Structure formats: structure tokens, C-alpha cells
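Chemist: Starting off with a structure, shown below.
Rule-based calculations on the coordinates, nothing more; no lab input. Remember, it's a predicted structure, so these values are computed and weren't measured experimentally. As a convention, Cβ positions derive from the backbone with ideal geometry for all residues, glycine included, and neighbour counts pool all protein chains shown.
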Amino acid sequence: MVVASKGESPLKVFFAPVVAFLSMSATALTPIHNTDSVLIGTWAVDIDRLPIPPAARPKSVTIIFREAATAARRTMVVSIVDAAGKETTAETTYPLDGSATSISGSPEADTGAMKAPEPNVLVLALMKGGMGASTRIYAAAPNGKEMVETAVYFSKDGSPIMRTNYFSRTD
């Protein structure tokens, strides 16, 4: 039991360790904003491992993560060539603090928010027309050669769906 010394407030004695703990916890949970991320680079999806019928699979999906000119920001470019050969390219430059930013060129989203809780992880929340669209979690292997994307979204009846996509570094 902690006891206040003469002239010291009992509340100060009680709350000082709590404040110290919360300060340490906040520091430990602060997102990492460094350029050492193994996500930085160009990634191609493994088409054969996509969890959709072969005839519906895109011909290619490439994701590029790169440092942006502004500190603590990154650029993400997603290029997809669908099964019919039509190409779409979405792009955004986003802060890593979870604030919303616009996305151009995507048929799936017009706004996103991103956080990087670890150098090899990116969490991306997507919205289209004011409605939640999906959440994507990108996690690169420590060797920087493989990346997994977990896509979370909802079916028309509201059931949650998770899909895993596998990527390899191409640069």
C-alpha cells in the first residue's frame, strides 16, 4: 500500500503511478512513422491463389507503396487489369494518423483512412459515397519479399466476409 508522506496529497500518490503507466502505454501505442517500412515497394498479387473462380480473376493486381514528399505520408497506387483486360488505377497520398483522405480512380472507394501500427503493417479503411466499403490489412513478412492482404467487407445480407490475398515483391 502506498502512503502519502506529510504534506503530500493522497490523490497525487495514488494517481502518479497511473499517469506514468498511461504515458508509457500511449508511447507504446503511437503509430510508427518511419521510412524503414518493408511495405515500401511494388507488390504483385498471386493470381492463382485468389479465392475467386479462375474465369473471374483479374489478369493482374499491382500495389505500389512509396514515401511521399510530405513527412509522415505515403502514396499508394493500385493498378488492376480485370479478366476482360480493362485497367483501373487508384491513387492516394495519405497521412499515417488515421485521418480521412480522398482516393482517385477507384471503383471501390473514394475515401480512405490509414494507420501504420508497425513498419510492416498498414490498416486501411475504405468508404464509397459516404458508406463503409471495406477494411484492408497489409502485412509484409520481415524478409520484405511476401505480403498478405486481408480484406474485410460485408455481404448484401450483412454477413461479414474475410478474403486473404497473397503478394510478392516485384522490385
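Chemist: Counting other C-beta atoms within 10 Å, which of 40, 103 has the fewest, and how do the rest follow?
Modeler: Values: 40 16, 103 22.
By the 10 Å Cβ count, ascending: 40, 103.
Chemist: Taking residue 59 as the anchor, which aspartates and glutamates have their alpha carbon closer than 15 Å to its alpha carbon, excluding any fewer than eight residues away along the same chain?
Modeler: Counting by Cα, and skipping residues close in sequence, residue 59 has these aspartates and glutamates nearby: 46, 48, 82, 87.
Chemist: Also, I was wondering about something else. With a Förster radius of 41 Å, plug the Cβ-Cβ distance of residue 48 and residue 97 into 1/(1 + (r/R0)^6) and report the FRET value to the nearest 0.05.
Modeler: Efficiency at R0 = 41 Å is approximately 0.65.
Chemist: How long is the gain from residue 152 to residue 104 if the chain were fully straight, where each residue apart is worth 0.36 nm and the alpha carbon distance is subtracted?
Modeler: Working: separation 48, 0.36 × 48 = 17.28 nm, distance 2.09 nm.
Gain in length upon complete extension: 15.2 nm.
Chemist: Arrange the following residues from fewest to most other Cβ atoms within 10 Å of their Cβ: 166, 94.
Modeler: 166, 94
Chemist: For segment 41-169, what does the alpha-carbon gyration tensor say about shape, rounded, prolate or oblate, given a ≥ b ≥ c as the root eigenvalues, a/c under 1.5 as rounded, and a/b over b/c as prolate?
Modeler: Details: a/c = 1.43, a/b = 1.17, b/c = 1.22.
Taking the square roots of the gyration eigenvalues as a ≥ b ≥ c, segment 41-169 is rounded.
Chemist: Starting from the 7 Å offset along Cα-to-Cβ, what nm value, one decimal, do you get for the label separation of residue 83 and residue 159?
Modeler: Rounded to a tenth, the inter-label distance reads 2.1 nm.
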